[in-house]
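The block underneath contains the structure these notes are about, expressed in structure tokens.
The values are calculated or read from the model by the stated rules, or taken from the named source; none is laboratory data. Small disclaimer: the values here were computed from a predicted structure and weren't measured. Don't worry about glycine lacking a Cβ; one is built from the backbone with ideal geometry, like all the others, and counts go over all protein chains shown.
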Amino acid sequence: MTLSQLKAFQKKLILKIYPQADWSLLPSFIWFSYLGARICYAETHPLAIFQEEKFKNYSQFVNFLIHLKTLKHFSIFAHTPVLVSVENFSDIEKFEIARTFFKVFWDEEGRWALFNLRHFAENLDEKIFEKLIHVKPNLEDIQLKVFKNWVKIYEGNFLDFPLERLESELPSKKQSPFAVSEVILIESKKSIPLGWKGVIVHNFSRVFSHQFVRHTWLNFNQRSHRYTKVEKFVLPSNFLENNLKVYEKIVLEALKVYKELCLELKKESARFVIPQGVTTTLLATGPLLVWEDFISKRAIPQAQEEIRSLAFLLKENLW
């Protein structure tokens, strides 16, 4: 089967799948896609993204997502799960769906399949998709667990989160070049078969992210240093005092050179002088079984410090 034939077959299949989806759940999960899109370009704390005007304004929110589909930025839609009833599909049809669409998860009884909105964004025409996502995100469904420096500082509804805490993210010349890592567990209080969890890692290193994105059954979007400025670095906990002095000297010099290069070049070129300990932010989403697989592989003594610490935190707090 050629690529064009495969695409045509996907579009034919999705028209059968589309009517069997539970679209009433979309308001409880559509905000995941907005978060995935903006986390790439925002220089604010990730939870501050929900305070943006185009998130709070319903028409701007919808137009923003439609614009991303038009530009074929489909990856952000993978963060929103879509539950599809498959009871009326034959075994042959289920087989065709399973071999045609990547990242579709099935319940053991064969009643449900967990798609994501990307499957539909790629295959539905503009008018159908535009009508589909004309929904207002339900912020009351957003549940958080927030950890700073591996200590839980908040658990509850997003609407009750004390946003004044985000003021600590404002830059200051007196601040250290080293950041404090944060983990945000984010989910909808609407339960669905197989579950759906989001994990935001904030102020983790690029060393970490290169490992994290290898877990390809998860969906990822990451802060881009093509468009956002470099500010902070991760300090490994096992660095001795002499290691710290050398590292700090290197990162301060790198930041100085980086800022000078930014006067002449785009950020995407200037960033080449930055050590890979630089901080980044990622959103990762997926069903529970995929998170279980991540934990089984990384909650082990041999794993690198950051990813091991994340895996153990998720092991204790994801459920």
Any residue at all in region 67-74 that is farther than 17 Å from N116 by Cβ, of a type in the set (A, V, I, L, M, F, W, C), assigned to a helix (DSSP H, G or I) and out of contact with any strand residue (DSSP E or B) (no Cβ under 8 Å at 6 or more places or on another chain)? no
Restricting to region 256-267, count the residues that are in contact with a helix residue (DSSP H, G or I) (Cβ under 9 Å, 6 or more places away or on another chain) and either charged (D, E, K, R) or closer than 30 Å to F77 by Cβ (or both). 4
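State yes or no: is Q222 in contact (Cβ under 8 Å) with a residue 24 or more places away in the chain and of a type outside the set (D, E)? First the steps, then the outcome.
On the way: in contact (Cβ under 8 Å) with a residue 24 or more places away in the chain: yes; of a type outside the set (D, E): yes.
Yes: the conditions hold for Q222.
Considering each of L3, L25, L35 in turn, give the residue that is surrounded by fewer than 19 Cβ atoms within 10 Å (Cβ to Cβ) and not small (G, A, S).
On the way: L25 fails: surrounded by fewer than 19 Cβ atoms within 10 Å (Cβ to Cβ); L35 fails: surrounded by fewer than 19 Cβ atoms within 10 Å (Cβ to Cβ).
Checking each option against the conditions leaves just L3.
Would it be correct to say that N149 is under 14 Å from S33 (Cβ atoms), among the polar types (S, T, N, Q) and under 22 Å from the mean Cα position of the chain (by Cα)? Walk me through how you get there before you give the answer.
Details: under 14 Å from S33 (Cβ atoms): no; among the polar types (S, T, N, Q): yes; under 22 Å from the mean Cα position of the chain (by Cα): yes.
Against the criterion (under 14 Å from S33 (Cβ atoms), among the polar types (S, T, N, Q) and under 22 Å from the mean Cα position of the chain (by Cα)), N149 does not qualify.
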Flag if V278 is free of Cβ contacts under 8 Å to residues at least 24 places away in the same chain, over 16 Å from the mean Cα position of the chain (by Cα) and in the same structural domain as S209 (by TED's automatic domain parsing): no
Lone unmet requirement of (1) in contact with a Phe, Trp or Tyr (Cβ under 7 Å, 6 or more places away or on another chain); (2) in a loop (DSSP other than H, G, I, E, B); (3) assigned by TED's automatic domain parsing to the domain that holds L15 for E87: (1)
Counting only residues that are more than 18 Å from F64 (Cα to Cα) and surrounded by fewer than 17 Cβ atoms within 10 Å (Cβ to Cβ), which one in region 132-146 is nearest to the chain's Cα centre (by Cα)? Q143
Hey, does region 250-259 have a residue that's aromatic (F, W, Y) and in contact (Cβ under 8 Å) with a residue 24 or more places away in the chain? yes
Selection within region 281-297 - in contact (Cβ under 8 Å) with a residue 24 or more places away in the chain and in a helix (DSSP H, G or I): L288, L289, V290, W291, D293, F294, K297
Can you name every residue in region 95-109 that is over 11 Å from V84 (Cβ atoms), in a loop (DSSP other than H, G, I, E, B) and without any contact (Cβ under 8 Å) to a residue 60 or more places away in the chain? F102, E108, E109
Restricting region 110-123 to residues that are assigned to a strand (DSSP E or B) and out of contact with any helix residue (DSSP H, G or I) (no Cβ under 8 Å at 6 or more places or on another chain), the one nearest to M1 (Cα to Cα) turns out to be L114
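Surrounded by 19 or more Cβ atoms within 10 Å (Cβ to Cβ) and outside the structural domain of G286 (by TED's automatic domain parsing): which single residue out of N219, N116 fits that description? Break it down stepwise before answering.
Values: N219 fails: outside the structural domain of G286 (by TED's automatic domain parsing).
Selected residue: N116, the only one of N219, N116 that is surrounded by 19 or more Cβ atoms within 10 Å (Cβ to Cβ) and outside the structural domain of G286 (by TED's automatic domain parsing).
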Residues in region 47-61: is at least one of a type in the set (G, A, S) and within 30 Å of S237 (Cβ to Cβ)? yes
Can you find a residue that is touching a Leu at 6+ places or on another chain (Cβ under 7 Å) and within 17 Å of N219 (Cα to Cα) anywhere in region 39-57? yes
When residues of region 268-319 are filtered for being surrounded by 14 or more Cβ atoms within 10 Å (Cβ to Cβ), of a type in the set (S, T, N, Q), in contact with a helix residue (DSSP H, G or I) (Cβ under 9 Å, 6 or more places away or on another chain) and within 18 Å of V180 (Cα to Cα), how many remain? 4
